[in-house]
1. For Arg108 and Gln43, calculate 0.36 nm times their separation in residues minus their Cα-Cα distance, and state this gained length in nm to one decimal.
2. According to a simple spin-label model (label point 7 Å from Cα along Cα-to-Cβ), what is the distance in nm between Gln192 and Thr161?
3. Between the stretch 21-69 and the stretch 72-136, how many Å separate their Cα centres?
4. For the stretch 3-15, what does the Karplus curve 6.51 cos²θ - 1.76 cosθ + 1.60, with θ = phi - 60°, yield as ³J(HN,Hα) per residue in whole Hz, taken in order and with x for Gly and Pro?
5. If I model a spin label at Glu171 and Ser31 as a point 7 Å from the Cα along the Cα→Cβ vector, what separation in nanometres do I get?
6. List the residues, sorted by chain then number, that are 5 or more residues from Ala64 or on another chain and whose placed amide H is less than 5 Å from its amide H.
7. If amide hydrogens are placed 1.01 Å from N in the peptide plane, which non-local residues have theirs closer than 5 Å to the one on Gly23?
8. Choose one of Tyr82, Ile131, Thr158: the residue whose Cα lies farthest towards the positive end of the charge dipole of the stretch 82-162 (beta-carbon charges +1 Lys, Arg; -1 Asp, Glu; about the Cα centre).
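Values in this text are rule-based calculations from the coordinates and carry no lab data. This is a predicted model, so every value here is computed, not measured. Please note: Cβ atoms are built from the backbone with ideal geometry, for glycine as well, and neighbour counts cover all protein chains shown.
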Amino acid sequence: MLNIALPKGRLGEKAYDLFARAGYPCPELLSDSRKLLFENPQQGVCYFWVKPADAAIYVARGVADLGVCGKDILMEQSPDVYELMDLGIGRCRMDVAAMKDFADDPARTLRVATKFPRVARWWYDALGRTIDIIQLSGSIELAPLLKLSDVIVDIVETGATLRENGLESRETLFDISARLIAGRAAYQFKQQEIETLMNRMREAL
Ligand code: PRP
């Protein structure tokens with residue numbers, strides 16, 4: 001049996017679609033219920049819906065053998081997991097953005113609002129820039145608008161949230177997409193099953 005942690009929401013549904021097309025269906029998963037755990041013993045698979053930011057925790061701790069996790073979360077958490085495959089879904093990017101009229105003064109500490117403090121720290125440390133991180137949980141674009149921060153480090157998908165709040169992208173840190181991840185123990189003890197799954201996933205892609 002392969003235990004797979006899927007992120008709740010649109011990304012997880014897209015990922016499940018890939019698993020189903022690869023021969024690991026579990027139709028009950030898409031039923032309109034509050035259930036979080038679904039088994040299909042015939043196909044040797046068990047799925048659970050987790051918060052997107054928690055998928056790597058289930059995998060790193062060996063509760064899930066495999067998981068689907070955005071590159072943004074992998075960069076932020078550096079979990080002890082193997083990154084096996086780029087699933088090519090959930091594409092977006094991690095950008096620095098600011099109000100259109102913001103002019104940076106390199107001599108001053110830069111106030112950075114973000115949900116990704118480690119990513120922001122990594123980026124500005126490499127530039128040798130002193131920053132003050134303002135960690136928020138969401139609606140990051142509000143921070144520069146209300147002068148809580150100078151810039152944001154956040155996910156940009158269509159760019160609509162930036163545009164509609166008078167911000168613009170200044171730099172791209174990295175591109176993001178969903179990755180298939182595996183736990184170290186799972187990869188050791190279920191290597192055959194995991195490699196079969198990966199081959200079938202590649203065909204489905
Ligand atoms: C994400 C991200 C941006 C927005 C980008 O927020 O943090 O705010 O989506 O998408 P866009 O470029 O297509 O406009 P999310 O919707 O997850 O909500 P949040 O504000 O609660 O983080």
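1. Value of the extension gain: 17.6 nm.
2. Roughly 4.5 nm, to one decimal.
3. When both Cα centres are located, 29 Å separates them.
4. Those phi angles translate into 9, 10, 8, 10, x, 4, x, 4, 5, x, 5, 5, 5 Hz.
5. Label-label distance for Glu171 and Ser31, simple model: 5.0 nm.
6. Distant-sequence amide H within range of Ala64: Val59.
7. Amide H to amide H, under 5 Å and 5 or more residues apart or across chains, Gly23 pairs with nothing.
8. Towards the positive end, the residue furthest out is Ile131.
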